[in-house]
Structures are given as C-alpha cells and as structure tokens.
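Take a look at the structure below.
Here, each number is a calculation from the coordinates, and none is a lab measurement. Here the structure is a predicted model, which is why all the values come from computation and not from measurement. Don't worry about glycine lacking a Cβ; one is built from the backbone with ideal geometry, like all the others, and counts go over all protein chains shown.
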Amino acid sequence: MPPRLALAQLPTPLQPLDRLSESLNLGPRLWVKRDDLTGSMLTGNKVRKLEFTLAQALEEGADTIITCGGVQSNHCRATALLCAQLGLRCHLILRGEPAACPDGNLMLDVLAGAHIDFYPAREYQSRLSALLEQARSDYARAGRHAFIIPTGASDGIGVWGYLNAARELAQDFIALNMTPEHIICATGSGGTQAGLTLGNQLYGLGSTVWGVNVCDDEAWFLNKVRADVTDWNSRYQAGYDLQSLDTRVIDGYVGPGYAIAEAPVFHAIALLARTEGLILDPVYTGKAFHGMIEEIRAGRLVGENIVFVHTGGSFGLFPQREQLAGILSHAE
Ligand SMILES: *Cc1c(COP(=O)(O)O)cnc(C)c1O
C-alpha cells in the first residue's frame, strides 16, 4: 500500500432513495453512496484521492502544493483547505476571471489562504503545463519544494482513492446482501471512474461501472481512464492486465458545455432536494443524476438495484443561483 493520510470521514453511508424511486415509478431500486459526506467543507470525491496524493507530496518533502482547475473547482477548494490543515502553502492556477465578490468554492479558496492566479480559458488550455512548471521553478528558486497535483488529482496516485471506495462498496453490498447491476458516477477528469472501474473488478463487486461525462466525450474518457490505470499499474508495479479494463461511458448529457446546465438538470436537482433532502450540483452530480434517470426510463439501464455515487459539489450550486431561480420560478 502507498502512503496515505486519514483526511476523509470514512466509510460513507450507502442509502436507498425509496421515495424518489417510487415517485418516478422507476423499476430499479436506487441507492446513493454518500460521498458528499466525506467531510463538511471537504465534501465530495476529491478528499479520497488527496489522502494519497498529499501523503505522496509529504513523503517527497514538499512544503508547497500547486494545482489547477476551473474557477469553481471542487478539487481546488478541497486542496486549499487540506493544505491549510496540513500547514502547506497552496498555489492555485484557475481558469476564469477573478471575482469582485468571490462565491462558492472560490470564496473558500480565498478563506483558506490559497495563492490564486487566474488565466483566461484560452491561455489556460494552451499553456497549463507550462504554467504549472513555471510556478514550480519559481518556488525552487525561492528555496521551496513544490509538488504539482494534476487536474482533479486524477492520475495513478489518485486512483487509490476510488479503489478504496470500491472496497467499501464491496462491504456495503455484503452487509445488504445485494449485487447492484450498475454503479454510476459523474466523470470529469476520470480518476473517480478509473478507481471504481478497476476496483469493481479487483474486489469482485459484480456490477457495471458507468461514468456520465460532464465534459469532452466518450473517446476522451476511455483514453483518460486507461491512462490513469496505466500510470497506477506502472507506479506501483501492480501487474494488472490492462486488456481486461472494462470502461463504460454514458455520453450525451454534457448539454451546452462544462458547468453549463439546462432546465432538466435543475429540475432533477429540485426533485431530489424535495423528495429526499439531498443536494446535487449543476456541474457534476446533477447532470449525472439526470442522465441516469433518463437512461433508466429509456430502458438502457436495467436491474434491481442501481447505485449512484454522490461525489459532492454542493458549493457549485450557489454561484448558479440565478439560473436556478429562473427555472424554479417557472415550475408547477
Ligand atoms: C471532480 C468531481 C467529479 C468528477 O470526478 P473526476 O474524478 O474528476 O472524474 C464529480 N463530481 C464532483 C462534485 C466533482 O467535484
């Protein structure tokens, strides 16, 4: 086993969504793995990966963490808070505009004392690795040791986070005496899907793991999941046969683009909030949950039990209050 820090509240509960399943007359019984409960301000999937990534950084003697993401990145928020908790300096390279009044995740980044650089989308996309390397060499010249965490902490190290979550699910399924046909998660940088897909196989869950992509397309995620598992395999000399990796993507629910959601996604968020008291976000979990419901209705996801992995993201809802208000004011 690689080095690991105990940072997440684990194990998370696996709970049925019976009022929702009944009200939609869905057929399968829906379950939710509550990874929104991995921590209060740390909520979501990133802290599971960062337990391993930050342990690696400390083992290498890092005193500074550099990472990147969108302006409302959940990964950057979790990293900024964990750096404060561990006494590390945090440097964020964000895609987007600085805000006069920071909101949601960005507000928490600021509160946590992260150093933040903003770049317009085009420059960020074309120069990201150069920007990360530049920051690292600037720190080196100042006598500091900076460790770069890639987007979403999705690489061979981060894979451990959801390998472990799959092991937790194996125990959940034994306790409940069930073998869910499907496990579904939102996928954005691929690491959660990679860990779950690999773990489903290694721990013999007997399910099919699906990532609902919230950006890019199926081909991008097939490639990214393979790359992360390949990195894991070689870093830890795991001897896993990559031929047998069964990556599945539910494409078709990105909508207008990353972090832009249309009315059906906001309606799904409102439905889950009022029937089950669960809060989803418009960037990841709302899109994925909406996609899952549509696929079940279309008869493409069939089974007795289906597990949705709630990967967090609630702070991303607040900066979209205007879209939400516009849609809910037109509701029945
Ligand atoms: C990052 C994120 C995801 C996607 O996870 P990846 O491992 O990056 O694919 C899903 N949901 C939420 C809320 C996230 O913040």
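Things worth noting here:
- Modelled this way, with points 7 Å down the Cα-to-C-beta line, the labels at His330 and Ala270 are 1.0 nm from one another.
- Isolated Cys in the chain, by beta carbon distance under 4.7 Å: Cys68, Cys76, Cys101, Cys185, Cys215
- Per-residue Cβ neighbour rank within 10 angstrom, fewest leading, Cys83, Cys68, Cys215, Cys101: Cys101, Cys215, Cys83, Cys68
- With each label modelled as a point 7 angstrom along the Cα→C-beta vector, the Glu22-Val110 pair spans 4.5 nm.
- Sorting Ser21, Ser154 by the number of Cβ atoms found within 10 Å of their own Cβ, with the fewest placed first, yields Ser21, Ser154.
- Sequence-ordered 3J(HN,Hα) estimates for region 13-18 from the Karplus curve with 6.51, -1.76 and 1.60 and θ = phi - 60° stand at x, 10, 10, x, 10, 6 Hz, glycine and proline given as x.
- Net length available on complete extension from Ser129 to Asp63 is 21.7 nm, with 0.36 nm assigned per residue and the Cα-Cα distance removed.
- Contact order normalised by residue count of region 46-153, Cα under 8 Å, 6+ apart, percent: 37
- Length gained when the stretch Ser234-Ala100 is fully extended (0.36 nm per residue, less Cα-Cα span): 43.8 nm
- A DSSP coil position with no more than 15 other Cβ atoms inside 10 Å describes the following trypsin sites (Lys or Arg not before Pro) in region 89-191: Arg144.
- Counting beta carbons within 10 Å around each of Thr151, Thr208, Thr192 and listing the fewest first gives the order Thr208, Thr151, Thr192.
- Using alpha-carbon coordinates, inclination of helix 121-141 to the longest axis of the chain, degrees: 40
- Taking each DSSP H run with n ≥ 4 as -39500 (n - 2.57) and averaging over every residue of the chain yields -14000 deg cm²/dmol at 222 nm.
- Sparsely packed trypsin sites (Lys or Arg not before Pro) within region 218-324, loop by DSSP, other Cβ within 10 Å at most 12: Arg300
- For the chain, the relative contact order works out to 20 percent when only alpha carbon pairs closer than 8 Å and six or more residues apart are counted.
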